[in-house]
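Remarks on the structure that follows.
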Amino acid sequence: MSMDPALSTATAPDALASDDAGPELLISHLLRSGVVLSLTLVTFGMSLTFLHHPDYFSSAQALQRLTAPERGPHQLVDVLAGMREARGQAFVMAGLLALMATPVLRVALSLLVFSRRKDKAFVAVTSGVLCLLLLSFLLGAVE
């Protein structure tokens, strides 16, 4: 029984595509998980805030105090301490930090994928992008 040559060549690209799909699926799951985690933390934090302070529903002044820029935690240590104390604003800030970290983790994961494939050009470009992202966070923390 002979195999049809058209079928054998049609399956070869599919096999290659499935090998390439692994990292793409991993990156897709990372991005999706980061957004879901962020949404969960922000929603939980907002619920916790309004549960602890029901006056935010009825008082414009109380709600204005809540949204004042100097009110929330501004350092990672403060966010973690606030989460231990079950403060809603700390969970909201953790959700925002998770949302900001998601694309950075995506670039880091891409760097690992390109390194594993030994693609030197993409490793160099992705390393540069990751360095610029990390530098922007460091410079932002200085200010």
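Conditions tested, residue by residue: (1) under 22 Å from His29 (Cα atoms); (2) in contact (Cβ under 8 Å) with a residue 40 or more places away in the chain; (3) β-branched (Val, Ile, Thr); (4) out of contact with any Pro (no Cβ under 8 Å at 6 or more places or on another chain).
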residue	(1), (2), (3), (4)
Leu66	no, no, no, yes
Gln89	no, yes, no, no
Ala101	yes, yes, no, yes
Arg116	yes, no, no, yes
Residue match in the range 88-106 (condition: surrounded by fewer than 16 Cβ atoms within 10 Å (Cβ to Cβ), touching a helix residue (DSSP H, G or I) at 6+ places or on another chain (Cβ under 9 Å) and hydroxyl-bearing (Ser, Thr, Tyr)): no
Hey, Ser127 in contact with a helix residue (DSSP H, G or I) (Cβ under 7 Å, 6 or more places away or on another chain), of a type in the set (S, T, N, Q) and surrounded by 13 or more Cβ atoms within 10 Å (Cβ to Cβ) or not: yes
Condition broken by Ala62, with the remaining ones in (1) closer than 22 Å to Leu99 by Cβ; (2) surrounded by 13 or more Cβ atoms within 10 Å (Cβ to Cβ) satisfied: (1)
First in the range 125-136 and among the hydroxyl-bearing types (Ser, Thr, Tyr), second anywhere and assigned to a helix (DSSP H, G or I), Cβ under 8 Å, 6 or more apart: Thr126/Val107; Thr126/Ser110; Thr126/Leu111; Thr126/Phe114; Ser127/Leu111
Subset tally (residues that are under 19 Å from Gly95 (Cα atoms) and in a loop (DSSP other than H, G, I, E, B)) for the range 51-64: 0
Leading residue by the ranking (farthest from the chain's Cα centre (by Cα)) among those in the range 65-82 that are crowded, with 18+ Cβ neighbours inside 10 Å and assigned to a helix (DSSP H, G or I): Gly82
Residue list for the range 118-143, restricted to those being of a type in the set (Val, Ile, Thr) and more than 20 Å from Leu31 (Cβ to Cβ): Val123, Val142
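Quick note: the coordinates plus some simple rules give every number you see, no bench work behind them. All values reported here derive from a predicted model rather than from experimental measurement. Cβ atoms come from the backbone with ideal geometry, glycine included; neighbour counts cover every protein chain shown.
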